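Engineer: Handing you a structure now.
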Ligand code: SF4
């Protein structure tokens, strides 16, 4: 866990308007030397400052095309800034405005624990039969482990293609950190639940019997996104009972029973584009983070857009990045102070890059 030093005055004392004004002034002073990236799940007042808005991979790739930008201010979470640092060109410095902006899901799979689990699997299966796949929502150390073992990174957009590729090679897939993306992806490929098992890192041999470990085609790490766990099949049914025309669109990090009931399933980019292209007057219930749902609703005033669960679903860690931290980061850069630089070094960098590049090669 990485902790952010507490901000002090004046950032703790200024109004939102004053913070926005200072951030704007600093942004203008930096000009082309900085690019600000805003993930879809960011607060609206932070998104306003984004030169680009999108999902984590798209933002990292866009930052790398900004040749004049010495600094990349990444309004997202830690693993996203790591990916931007790994994929950057030249000597860009990637800044995370609040070091406390981590990802609960990524933190559920530490590279050392995964390496231990791998050793337990290798005690049963030849290593050449196994292939690790990590969701991009994972630490650079875990991506490096995957790269070293011949595996690959995936996103919620390309998970189906990557997992299919691995299964077509005849491999048994070890998928982490998100059991739900793994399960939903394998089911979309026609695999039965009996062919996949849940690996609980808290238990010896993942809590599985010898026979299960021997027979399973896919091992799903017991991790999840707390935000996407807050949608339920009951909520979907209640929405449909009230509006039989409502369409349900869910992120594949949602649980299987929610995904099974959804009309459409896909990544944040897919959700944004699908609703934008839908017919005026249509109604949508969305299963993803609330800031994004609210933004889609605001940008599609000719449609009705609600959350599957209207009472929550903000990503607490993502939302640690606020105007105060953004203004602080930009003003630091104007003053020539480098704070909160995210840098992946050495072997981790080389192997994590390899795992990311394997994915990019398969995505063209
Ligand atoms: S929404 Fe979930 S997966 Fe995304 S950053 Fe937050 S905790 Fe991580």
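The values are calculated or read from the model by the stated rules, or taken from the named source; none is laboratory data. Remember, predicted model here, so these are calculated numbers, not experimental data. Neighbour counts are summed over all protein chains in view; Cβ atoms, including those assigned to glycine, are modelled from backbone coordinates with ideal geometry.
Engineer: Quick check on my filter: what residues within segment 293-307 are without any contact (Cβ under 8 Å) to a residue 24 or more places away in the chain, more than 16 Å from the ligand (Cβ to nearest atom) and buried (at least 17 other Cβ atoms within 10 Å of the Cβ)?
Structural biologist: 297
Engineer: In segment 66-88, which residues are more than 18 Å from residue 144 (Cα to Cα) and in contact (Cβ under 8 Å) with a residue 24 or more places away in the chain?
Structural biologist: Correct list: 66, 68, 69, 70, 71, 72, 73, 74, 75, 76, 77.
Engineer: Among the residues that make up segment 99-112, is at least one of them closer than 18 Å to residue 355 by Cα and free of Cβ contacts under 8 Å to residues at least 24 places away in the same chain?
Structural biologist: Within segment 99-112, one or more residues are closer than 18 Å to residue 355 by Cα and free of Cβ contacts under 8 Å to residues at least 24 places away in the same chain.
Engineer: Restricting attention to segment 312-364, which residues are within 16 Å of the ligand (Cβ to nearest atom) and either touching a strand residue (DSSP E or B) at 6+ places or on another chain (Cβ under 6 Å) or under 30 Å from residue 159 (Cβ atoms) (or both)?
Structural biologist: Result: 312, 313, 314, 315, 316, 317, 318, 319, 320, 321, 342.
Engineer: For residue 156, are the conditions met, namely being outside the structural domain of residue 83 (by TED's automatic domain parsing), buried (at least 24 other Cβ atoms within 10 Å of the Cβ) and either over 24 Å from residue 61 (Cα atoms) or within 16 Å of the ligand (Cβ to nearest atom) (or both)?
Structural biologist: Answer is yes for this residue.
Engineer: Moving on to the next point. Select from segment 120-152 the residues that are buried (at least 24 other Cβ atoms within 10 Å of the Cβ) and without any contact (Cβ under 8 Å) to a residue 40 or more places away in the chain and list them in ascending order.
Structural biologist: 142
Engineer: What number of residues within segment 229-268 are assigned to a helix (DSSP H, G or I), within 16 Å of the ligand (Cβ to nearest atom) and closer than 19 Å to residue 294 by Cα?
Structural biologist: Number of matching residues: 3.
Engineer: Here's another thing I want to ask about it. For segment 154-202, which residues satisfy the criterion of being under 22 Å from residue 355 (Cα atoms) and part of a loop (DSSP other than H, G, I, E, B)?
Structural biologist: If the condition is that a residue be under 22 Å from residue 355 (Cα atoms) and part of a loop (DSSP other than H, G, I, E, B), then 155, 156, 157, 158, 169, 170, 171, 177, 178 are the ones that fit.
Engineer: Next up: Please determine, by comparing only the residues of segment 270-292 that are within 26 Å of residue 96 (Cβ to Cβ) and touching a helix residue (DSSP H, G or I) at 6+ places or on another chain (Cβ under 9 Å), which one is farthest from the ligand (Cβ to nearest atom).
Structural biologist: Per the stated criteria, the residue is 272.
Engineer: Name every residue in segment 287-328 that is within 18 Å of the chain's Cα centre (by Cα) and assigned to a loop (DSSP other than H, G, I, E, B), in order of residue number.
Structural biologist: Across segment 287-328, the qualifying residues are 288, 289, 313, 314, 315, 316, 317, 321.
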